[in-house]
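*Asks:* Before I ask anything, here is the structure I am working with.
The values are calculated or read from the model by the stated rules, or taken from the named source; none is laboratory data. Computed from a prediction, not measured in an experiment: that's the story for all the values here. Glycine gets a Cβ as well: all are built from the backbone with ideal geometry, and neighbour counts include every protein chain shown. Just so you know, the surface numbers come from the protein's heavy atoms only, side chains and all, with ligands and any DNA or RNA stripped out. Shrake-Rupley method; radii C 1.70, N 1.55, O 1.52, S 1.80 Å.
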Amino acid sequence: MRRKDRALSTEAALQIIDACPFATLSLIDGEGMPYGVPITIVREGSAVYFHSALEGRKIDGLRKNSHVSLSCVEKAENSQTDYTVYYTSAILKGRAEEITEEEEKLYALELLCRRHTPQLMKTFSSYAQRFLRVTGVWKITVESVSGKGNSKPE
């Protein structure tokens, strides 16, 4: 990281990952080209989960090369008085693996839903059972994480 003065602690970076509304997953697609796509995530310990379709460009790439990066931006605000942006962001690197065991898929989907749609948890079980066979679930094992921020002066 070039701007060491903006580096955040690992704990702060993990908090950004936990708070960001979405993340951008970067990978190499099945044809060897860079590919980035926004996804919703949830983190538990050193694992980050996301759901997907069962096929497509993202899935082809993940099956061919499991190395991924996640970019998470918790906040970004353009300064009104200077040429800068006030932000907090985190970058995570890891390896993605498809979850195929039904119990673990359901667990990860429940974590995702608890984070992103907690108001709908009463109907989670019936919904998840209906769509489990057509929903992909992936787990990223975190290998490194870093955070960076530029705080607004008070």
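*Asks:* In straight Cα distance, which lysines are under 28 Å from K58, not counting same-chain residues fewer than 8 positions off?
*Replies:* Partners within reach: K75, K93, K105, K139, K148.
*Asks:* What is the percent carbon and sulfur in the accessible area of the chain, measuring with a 1.4 Å probe over the protein chains and ignoring ligands?
*Replies:* Here carbon and sulfur together make up 50 percent of the probe-accessible area.
*Asks:* Now, a different point. Once label points are set 7 Å from the Cα along Cα→Cβ at both S71 and F22, what is their separation, rounded to one decimal in nm?
*Replies:* Label at S71, label at F22, 1.4 nm between them.
*Asks:* Calculated FRET efficiency, A128 and E44, Cβ-Cβ r, R0 25 Å, to nearest 0.05?
*Replies:* 0.90
*Asks:* With the other protein chains left in place, how much accessible area per residue, in square angstrom, belongs to the chain at a 1.4 angstrom probe?
*Replies:* 61
*Asks:* Within the P(r) computed for the range 44-103, what percentage of the Cα pairs occupies the region above 16 Å?
*Replies:* The answer is 61 percent, as a whole percent.
*Asks:* P(r) for the range 17-59: what percent of alpha-carbon pairs falls in each 10 Å bin, starting at zero?
*Replies:* Taking every Cα pair in the range 17-59, the percentages come to 25, 51, 22, 1.
*Asks:* With only alpha-carbon pairs counted, each pair once and no self-pairs, how large is the Kirkwood hydrodynamic radius of the chain in angstroms?
*Replies:* One decimal place: 16.7 Å for the Kirkwood radius.
*Asks:* Let me ask you something else. Y83 to L54: extension gain in nm, 0.36 nm per residue of separation minus the Cα-Cα distance?
*Replies:* Contour length minus the Cα-Cα distance gives 6.1 nm.
*Asks:* Additional query: Which residues' amide hydrogens lie under 5 Å from the amide hydrogen of G30, considering only partners 5 or more residues apart or on another chain, with H built in the peptide plane?
*Replies:* Those qualifying (amide H under 5 Å, at least 5 residues apart or on another chain) are G61.
*Asks:* Whole-Hz Karplus ³J(HN,Hα) for the range 24-36, in order, using 6.51 cos²θ - 1.76 cosθ + 1.60 and θ = phi - 60°, x for Gly and Pro?
*Replies:* Couplings: 9, 8, 10, 7, 9, 6, x, 9, x, 9, x, 8, x Hz.
*Asks:* What distance in nm lies between label points placed 7 Å from Cα along the C-beta direction at Y107 and M33?
*Replies:* Roughly 3.8 nm, to one decimal.
*Asks:* If you don't mind, there's one more thing I want to ask. Taking the highest mean first, how do the peptides 39-51, 121-133 order by number of other beta carbon atoms within 10 angstrom per residue?
*Replies:* Result, highest mean Cβ count within 10 Å first: 39-51, 121-133.
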